[in-house]
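Reading through the structure tokens given below for one structure.
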Amino acid sequence: MSLKQAVSSTDHTQGKKDAEIVIVEYGDYQCPYCGAAYPVLKEIMNRYGDQVQFVFRNFPLSEMHQYARPAAIAAEAAALQGKFWEMHDAIYENQEYLNEKFLFELAEKIGLNRSKFIKDIKNAALEEKIDSDFESGVLSGVNGTPSLFVNGRKFDRGAEDLLEQLGEIIKQL
């Protein structure tokens with residue numbers, strides 16, 4: 001499987017902008033497997049952030065995880081205040097407490113303007129962004145989370161294996 005939608009300016013990225021290695025994660029904020037992958041992906045960025053670009057795309061599995069979509073909306077609303085990654089990290093680091101009220105507490109904790117956040121979570125453009133991420137995942141063959149793509153190709157093993165193999169991948173470049 002390959003990534004059907006190229007990384008663009010609408011994506012949330014961190015690391016080196018023109019990196020030779022681009023990792024795209026389709027994730028669900030309430031998914032326990034995404035929660036387990038989160039610290040591994042953080043370690044990848046700590047170790048290789050100057051050589052890797054990391055991209056997060058929303059893939060909320062709403063039928064299974066009732067707070068996945070509200071969490072994605074909260075992260076997108078935080079992005080409008082320049083704090084996507086702070087909200088992304090806060091959600092994953094507190095995943096076991098996830099509910100709609102707690103998302104407001106996180107917004108306050110990371111220093112978002114509360115009234116703007118309340119207004120922004122009702123913005124239809126955020127729903128459209130999440131739907132667009134989800135649709136791009138479906139087109140790329142994503143059927144579960146987390147789904148990782150490395151340089152456009154589906155990585156069929158877990159984040160732990162990616163951490164182990166990344167050093168080798170970088171050496172080959």
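The values are calculated or read from the model by the stated rules, or taken from the named source; none is laboratory data. For clarity, every value in this text was computed on a predicted model and none was experimentally measured. Note: ideal-geometry Cβ built from the backbone for every residue, glycine included; neighbour counts use all protein chains shown. Areas reflect the complete protein model, heavy atoms only, side chains present, ligands, DNA and RNA absent. Shrake-Rupley method; radii C 1.70, N 1.55, O 1.52, S 1.80 Å.
Some notes on this structure:
- Antiparallel %, DSSP beta bridges [both residues in the chain], to 5: 65 percent
- Fraction of accessible area attributable to carbon and sulfur, the chain (%, probe 1.4 Å): 50 percent
- Note on Val142: accessible area approximately 10 square angstrom, rounded to 10, probe 1.4 Å, nucleic acids and ligands left out.
- Ranking Glu86, Glu164, Glu25 from most to least accessible surface, computed with a 1.4 Å probe over the protein chains only, gives Glu164, Glu86, Glu25.
- Residues considered: Ile21, Ile73, Ile110. Largest GNM mean-square fluctuation over the chain, using C-alpha springs under 10 Å, is found at Ile110.
- Result for the chain in a Gaussian network model with C-alpha springs under 10 Å: among Lys16, Lys129, Lys119, the largest mean-square fluctuation is at Lys119.
- When nucleic acids and ligands are ignored and a 1.4 Å probe is applied, Ser115 ends up with an accessible area of around 80 Å².
- Using C-alpha pairs under 8 Å with a sequence gap of at least 6, the mean separation divided by the residue count of the chain gives a relative contact order of 36 percent.
- The fraction of all Cα pairs in the chain landing in successive 10 Å bins from 0 to the largest distance is 10, 40, 37, 12, 1, given as whole percents.
- Accessible area (Å², per residue) of the chain, counting only protein heavy atoms and a probe of 1.4 Å: 51 Å²
- Among the GluC sites (Glu not before Pro) within region 33-80, those in coil by DSSP and having at most 10 neighbouring Cβ atoms inside 10 Å are Glu63.
- A 1.4 Å probe over all protein chains sorts Tyr97, Tyr67 by accessible area into Tyr97, Tyr67, starting with the largest.
- The 1.4 Å probe gives accessible areas that order Met87, Met1, largest first, as Met1, Met87.
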